[in-house]
Amino acid sequence: MKVNTTVTEGARAGEDVKAAETAETAGAQTAAEQAERPEVLVRVRGLRKHFPVKSGGIGRRKAGTVKAVDGLDFDIREGETLGLVGESGCGKSTTGRMVMRLLDPSAGTIEFAGRDVTKLSRGQLRPLRRDFQMIFQDPQSSLNPRHTVGTIVGAPYRLQKVNPEGGIKKAVQELLELVGLSPEHYNRYPHEFSGGQRQRIGIARALALRPKLVVADEPVSALDVSIQAQVVNLLDDLQSEFGLTYLIIAHDLSVVRHTSDRVAVMYLGKIVEIADREDLYTSPRHPYTVALMSAVPVPDPGRRESRERILLKGDVPSPMDPPAACRFHTRCWKAQDVCKTVEPPLAELVGRHQVACHFPENTPTAGEPEAVELVKRVSGEPPVPVTGVVREDVDGGGAGGGAEEGPKLTKDGPGRAATQDASADVSAARDDSATQDASATEDDSATRASAADTGKTPPGDTPESPAP
Ligand SMILES: Nc1ncnc2c1ncn2[C@@H]1O[C@H](COP(=O)(O)OP(=O)(O)O)[C@@H](O)[C@H]1O
Ligand code: SF4
Ligand SMILES: [Mg+2]
């Protein structure tokens with residue numbers, strides 16, 4: 001890819017420079033490039049979800065606000081797969097549930113096929129729900145154990161009062177075949193299936209009404225690694241066959257790499273980087289993305305040894321009290337004073353690559369081809385290639401020396417156990433327990449009502465449960 005702009009490190013702190021870059025980048029996009037872009041199916045602007053948290057005990061006063069999602073802007077184009085990745089608790093599921101309108105946003109707008117659906121009532125949403133469906137993380141808990149596969153997969157038809165040609169049973173059996181199961185499975189119960197097969201049942205249910213958008217929240221993370229690829233391939237095949245648009249949520253960058261056309265990286269309720277998949281993987285710009293990327297397992301032992309792991313020190317800050325300005329500054333090895341006072345906007349650097357950072361990585365310089373190797377620039381020193389280099393502490397010589405919290409970067413090794421490892425944290429991101437804390441939020445009743453309306457369920461519930 002050719003570089004169109006010149007951006008020097010450190011210069012991005014100025015708003016005027018940023019505006020000039022954006023204008024230049026926009027000008028570099030040809031009319032042909034614009035025309036190639038498919039229609040936007042989902043347009044999200046300024047999306048926020050703040051959960052009021054109440055104290056325990058009598059009275060249950062408001063104790064604070066969890067800023068789970070705090071101002072997201074992104075588009076999902078027709079027919080594409082947008083991957084949404086980030087550590088546990090960064091707001092991915094909350095985002096997915098808002099896009100599905102299972103949760104009401106605190107602020108912002110969601111447009112679906114050009115229509116603002118942010119404020120539609122349950123009744124107004126009902127006909128639209130055919131067009132967006134969700135696949136949940138845990139096929140075990142998202143399928144009612146007391147219902148047959150036929151009842152589960154046929155539920156969307158009944159809820160939407162749709163009579164498919166040939167009847168519901170025939171349609172369900174066709175769906176089962178489509179997802180690699182047998183029509184004979186119609187009368188079986190979920191417990192008779194393996195994890196991968198159960199996820200296929202969930203996929204069949206999501207596809208019953210031929211939706212336009214499918215939001216898949218960690219669709220393979222509860223499955224054995226050996227089964228994950230099969231389910232990912234199935235999602236891929238179904239996308240080609242039905243022209244589906246996907247929002248795939250994952251904590252695992254390697255899953256997203258194989259499924260996404262574009263990838264958005266989230267940190268503490270914000271998107272810090274969005275780019276086309278190859279662009280993101282060859283030239284990650286945000287330091288957080290670089291750290292996540294360094295944690296992706298490499299199958300080739302030779303390359304594995306020569307690669308450096310970037311281990312982020314410290315815990316992810318609380319979303320109740322996120323750091324000011326750049327939220328990553330408490331863990332970033334490049335942090336300077338400006339990072340603590342001026343929030344870096346999500347701006348286009350080159351082409352469609354957007355990043356929210358004052359000092360992005362892999363920044364090309366004038367006339368040079370775009371960097372594809374990870375390069376860390378330390379003030380006063382020549383660029384240091386990351387590959388094969390042991391970095392123990394770049395803070396001491398850090399640009400501007402703004403970081404106060406001590407070394408944030410360590411090499412992989414014995415110290416790892418004491419370190420908050422991006423990969424370990426990311427891999428462990430299976431816990432939706434906070435999400436399930438119904439009592440903590442005022443929105444849950446609405447969520448559950450919406451979920452019941454669609455036959456879908458917020459994490460932690462069993463869908464389609466018979467009324468008590
Ligand atoms: N219903 C809720 N009430 C209060 N806090 C919540 C609720 N749902 C999620 N959260 C909090 O919002 C943040 C984002 O959660 P979530 O979207 O589930 O993250 P992720 O899917 O990225 O792991 C977490 O800190 C979580 O504890
Ligand atoms: S702290 Fe500064 S350098 Fe680090 S990610 Fe934030 S804006 Fe970029
Ligand atoms: Mg989640």
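The values are calculated or read from the model by the stated rules, or taken from the named source; none is laboratory data. Keep in mind that this is a model prediction, so the values were computed, not measured. All Cβ positions, even for glycine, are placed from backbone atoms using ideal geometry, and neighbour counts span all protein chains on display.
Here are some notes:
- With respect to being within 16 Å of ligand 3 (Cβ to nearest atom) and outside any strand (DSSP E or B), Ser221 fits the description.
- Count - residues of the stretch 82-128 that are within 16 Å of ligand 2 (Cβ to nearest atom), more than 18 Å from Tyr246 (Cβ to Cβ) and of a type outside the set (D, E, K, R): 1
- Verdict on Val225 being under 23 Å from the mean Cα position of the chain (by Cα) and among the hydrophobic types (A, V, I, L, M, F, W, C): yes
- Of everything in the stretch 226-277 that is in a loop (DSSP other than H, G, I, E, B), of a type in the set (Gly, Ala, Ser) and touching a Leu at 6+ places or on another chain (Cβ under 9 Å), the residue that is nearest to Val350 (Cα to Cα) is Ser260.
- Residues that are crowded, with 21+ Cβ neighbours inside 10 Å, assigned to a loop (DSSP other than H, G, I, E, B) and modelled with pLDDT under 95, drawn from the stretch 303-330: Ile310, Val316
- Close Cβ contacts (under 8 Å, 6 or more residues apart or on different chains) running from residues in the stretch 148-160 that are closer than 20 Å to Gln124 by Cβ to residues that are at pLDDT below 95 and acidic (Asp, Glu) comprise Leu159/Asp453.
- Residue among Gly150, Gly196 that is within 29 Å of Ala295 (Cα to Cα), in a helix (DSSP H, G or I) and more than 16 Å from ligand 1 (Cβ to nearest atom): Gly196
- Residue match in the stretch 341-353 (condition: small (Gly, Ala, Ser) and modelled with pLDDT under 95): yes
- Any hit, the stretch 284-299, residues being at pLDDT 95 or above, more than 21 Å from Cys332 (Cα to Cα) and surrounded by fewer than 21 Cβ atoms within 10 Å (Cβ to Cβ): no
- Those helices (runs of 4 or more DSSP H) of the stretch 35-143 in which at least 1 residues are buried (at least 21 other Cβ atoms within 10 Å of the Cβ) and modelled with pLDDT of 90 or more, considering only elements entirely within it, cover 92-99.
Okay, residues lined up against (1) within 14 Å of Gly86 (Cα to Cα); (2) under 17 Å from the mean Cα position of the chain (by Cα); (3) of a type in the set (S, T, N, Q); (4) more than 16 Å from ligand 3 (Cβ to nearest atom):
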site	(1), (2), (3), (4)
Thr245	no, yes, yes, yes
His251	yes, yes, no, no
Ala264	yes, yes, no, no
Tyr267	yes, yes, no, no
Ile274	yes, yes, no, yes
His286	yes, yes, no, yes
Val316	yes, yes, no, no
Val350	no, no, no, yes
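- Selection status of Thr94, more than 15 Å from ligand 1 (Cβ to nearest atom) and either within 30 Å of His185 (Cα to Cα) or not charged (D, E, K, R) (or both): no
Here is a yes/no grid of residues against (1) surrounded by 21 or more Cβ atoms within 10 Å (Cβ to Cβ); (2) modelled with pLDDT under 95:
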residue	(1), (2)
Tyr157	no, no
Gly166	no, no
Lys169	no, no
Val179	yes, no
Val220	yes, yes
Ser226	no, yes
